[in-house]
Amino acid sequence: MKRIINFFRGWVEFTVTGVFPERLYNLCAQYGVAFWGLVRIDAHTVTMRIAASDRKAFRQVAAKAQCEILEERRGGAPFFALRFRKRYAFLGGLLCALAAVVVLSNFVLTVEVTGNETVPTAVITAQLRRLGVRPGRYGPALDVRQIAQEALLELDELSYMTINLHGTKAEVIVRERVAPPEVRDKDELCDIVAGADGVILRIEALAGDGLVQPGDAVLKGETLIAGMVRLEAQEYSGLPPTFFSVRAEGKVYARTRRTLTARIPLEVQVKRYTGESETRRALLLPGQRVNFYQNSGISYSEYDKITESKSLSALPVTFLKETVRAYVTETAALDAEAAQPMLEEQLHTRLAVLIGDGTVEREQFSAKVDGGFLTVTLTAECEEQIGREGPLKDRTGEVETKDKEA
């Protein structure tokens, strides 16, 4: 730190010769003349450095100490600047460069988004671009607090946003909204019904009447745990049973058989590039685009456009290179052997979603080609929880039916 300070205030190195150089040290301390870099050459000669502003005082102190001084060299910012006192063009260019760096460093060149996991960065930057936060904008002119509040009103998935300007970078910090847990209405009455066909393995009824037993075969939609609970009257009372309704809760595990199918055409449309291409260049300035081509239309009916951009680190300027490649679509045959593993993977994913935490006991794939399509079928035997909530069914008709049968 002292070296930096001494550089900016400038220094002068002297060679001091005297009978008693030590007396000079004491006088410098007495008159407040700071010195450093003391090097003793012999018993009567030393070299030392003095601040440029203390040169006059140092000469007076040296005369009082009866020492001879010889200026050896100078250094520091003041003497460096004096070299250019007559080079006006160079000095003017230096000042202009410093001013350009100071001004242009306030333009936004990059927008960086952090803190998002599910909300795509492109969605956030697109909304900020509409509000004015984009490369090329003058940073101090942006009301970042107001922009962040307006962006939050448009992006419902976010709960917090702040925008910090660090020179040429706009740092956007976001926090995603935590979805509230699904609130289940405990007063809503329901049954537990079968979500798939299967054979019951076990039933865990927490509330309601269990209507099935292990080994029973059930169909999809059949009631497994009834929310309308039946209470039998006292024996020999002759009274019919009574019912009261609750929200049925519980889990029912069953052995199921799942059959899933996926298909894909064996003829697909592919691109074949013709070799024709166009290259167009443009320059992006703050709020303006400069094209280095005349015709903005594209003569090809089908084409791909590849855009390459390069930004300058110190200027709000971006160079664009657009390459347009023409192609035609052709029909190509799809290799069935290569497509089958892809379809099998898709069926695996669908099966995992269907059975949830269940397990697959056995599975078998079959494939056939028919009508220009490859069809792959997955047959799997699983153990899964098939209980699903369903509407409450009226069970009072059970008493009337039994009475009629009697």
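The values are calculated or read from the model by the stated rules, or taken from the named source; none is laboratory data. Bear in mind that the values here come from a model prediction, so they are computed numbers and not experimental data. Note: ideal-geometry Cβ built from the backbone for every residue, glycine included; neighbour counts use all protein chains shown. Note: accessible area is taken over every heavy atom of the protein model, side chains too, but ligands, DNA and RNA are not part of it. Shrake-Rupley method; radii C 1.70, N 1.55, O 1.52, S 1.80 Å.
Tell me the label-point distance for the pair Leu283, Arg40, using the 7 Å Cα-to-Cβ offset, in nm and rounded to one decimal.
6.6 nm
If you roll a 1.4 Å probe over the heavy atoms of the protein chains, what accessible area per residue do you get for region 247-406, in Å²?
Using a 1.4 Å probe on heavy atoms only, each residue of region 247-406 averages 66 Å².
Expected output is a single nm value to one decimal: the length gained when fully extending between Asn295 and Arg3, i.e. 0.36 nm times separation in residues minus the C-alpha distance. What is it? Numbers along the way, then the final one.
Working: separation 292, 0.36 × 292 = 105.12 nm, distance 6.04 nm.
This chain segment gains 99.1 nm when fully extended.
Answer with one residue from Val218, Phe243, Gly93: the one whose Cα lies farthest towards the positive end of the charge dipole of the chain, charges on Cβ with Lys, Arg +1 and Asp, Glu -1.
Gly93
When the label point is put 7 Å from the Cα of Phe79 along its Cα-to-beta-carbon vector, which residues of region 38-64 have a backbone N closer than 17 Å?
Of the residues in region 38-64, 38-39, 47-59 have backbone N under 17 Å from the label point off Phe79.
Give me the distance between the Cα centres of region 277-325 and region 193-244, rounded to whole Å.
70 Å
So what are the ³J(HN,Hα) numbers for region 291-304, from phi and the Karplus equation (6.51, -1.76, 1.60; θ = phi - 60°), rounded to whole Hz, Gly and Pro as x?
Each residue of region 291-304 in turn: 8, 9, 8, 9, 7, 7, x, 10, 7, 8, 6, 10, 7, 10 Hz.
Angle check, please: helix 336-355 long axis (alpha carbons) against the longest principal axis of the chain (alpha carbons), in degrees 0 to 90, nearest 10.
Roughly 80 degrees between the two axes.
Quick check on the chain: helices-only [θ] at 222 nm, where DSSP H runs of length 4 and up contribute -39,500 (n - 2.57) each and the sum goes over total residues. Nearest 500, please.
Value at 222 nm, helices only, nearest 500: -7500 deg cm²/dmol.
HN-Hα J couplings of region 217-231 from phi, Karplus 6.51/-1.76/1.60, θ = phi - 60°, integer Hz, Gly and Pro as x?
8, 10, 10, 4, x, 6, 6, 9, 10, 7, x, 8, 8, 9, 10
Test of understanding: in a Gaussian network model of the chain with alpha carbons linked when under 10 Å, which of Gly18, Gly93, Gly115 would top the mean-square fluctuation ranking?
Most flexible of the set in this elastic network: Gly18.
Pop a pseudo-label 7 angstrom from the Cα along the beta-carbon direction at both Asp216 and Arg202 and give the gap in nm to one decimal.
Here the answer is 1.8 nm between the modelled labels.
Report the charge-dipole magnitude of region 215-288 in Debye, nearest 20, computed about the Cα centre from +1 at each Lys and Arg Cβ and -1 at each Asp and Glu Cβ.
The calculated dipole for region 215-288 is roughly 560 debye.
Here are labelled values, (i) 32.6; (ii) 21.3; (iii) 22.9, and one is the computed Kirkwood radius over Cα pairs in Å for what I pasted. Which one?
(i)
In debye to the nearest 20, how big a dipole does region 259-406 give about its Cα centre with +1 on each Lys and Arg Cβ and -1 on each Asp and Glu Cβ?
Computed charge dipole of region 259-406: roughly 1240 debye.
Mind checking which of Leu334, Asn291, Pro316 is farthest towards the positive end of region 289-350's charge dipole, using Cβ charges of +1 (Lys, Arg) and -1 (Asp, Glu) about the Cα centre?
Among Leu334, Asn291, Pro316, the one farthest towards the positive end of the dipole of region 289-350 is Pro316.
Suppose a student asked you for the relative contact order of the chain, using Cα pairs under 8 Å spaced at least 6 residues apart; what percent would you report?
13 percent
On C-alpha positions alone, give me the angle between the axis of helix 55-64 and the longest principal axis of the chain, in degrees, nearest 10.
50 degrees
Would you give the gap between the C-alpha center of region 22-53 and the C-alpha center of region 119-162, rounded to a whole Å?
With region 22-53 and region 119-162 each reduced to a Cα centre, they are spaced 61 Å.
Angle between the Cα long axis of helix 121-130 and the longest principal axis of the chain, 0 to 90 degrees, nearest 10?
60 degrees
Can you tell me the dipole magnitude for the chain around its Cα centre, using point charges on the Cβ only (Lys, Arg +1; Asp, Glu -1), in Debye to the nearest 20?
About 4780 debye.
Assuming 0.36 nm per residue, please report the length gained on full extension of the stretch Leu260 to Val246 beyond their Cα-Cα distance.
Length gained, Leu260 through Val246: 1.4 nm.
Return the carbon/sulfur percentage of the accessible area of the chain, one whole number, probe 1.4 Å, all protein chains in place.
Its accessible area is 53 percent carbon and sulfur atoms.
Hey, if you drop one equal point scatterer on each alpha-carbon of region 185-337 and run the Debye formula without solvent, what base-10 log of I(q)/I(0) do you get at q = 0.16, 0.17, 0.21 Å⁻¹?
-1.01, -1.08, -1.18
From zero outward in steps of 5 Å, how is the percent of C-alpha pairs of region 7-74 spread across the bins?
Binned Cα distances yield the sequence 4, 19, 34, 29, 12, 3, 0.
Have a look at the DSSP beta bridges in region 63-199 and tell me what percent are antiparallel, nearest 5.
In region 63-199, approximately 65 percent of DSSP beta bridges are antiparallel ones.
Once label points are set 7 Å from the Cα along Cα→Cβ at both Glu68 and Arg362, what is their separation, rounded to one decimal in nm?
11.5 nm
Which whole-Hz couplings ³J(HN,Hα) result when phi for each residue of region 136-152 is put into the Karplus expression 6.51 cos²θ - 1.76 cosθ + 1.60, θ = phi - 60°, listed in order with x for Gly and Pro?
So the J values, rounded to whole Hz, are x, 7, 7, x, x, 7, 8, 8, 5, 5, 5, 5, 4, 5, 5, 5, 5.
Which of Lys169/Lys271; Lys2/Lys310; Lys64/Lys86; Lys251/Lys368; Lys2/Lys169; Lys271/Lys310 have a Cα-Cα distance over 31 Å?
The answer is Lys169/Lys271; Lys2/Lys310; Lys64/Lys86; Lys251/Lys368; Lys2/Lys169.
In the neighborhood of Val360, defined by Cβ-to-Cβ distances under 14 Å, what is the net charge if each Lys or Arg adds +1 and each Asp or Glu adds -1?
The answer is -2.
What do you get for GluC sites (Glu not before Pro) in region 74-165 restricted to DSSP loop and a cutoff of at most 11 other Cβ within 10 Å of the site's Cβ?
Glu117
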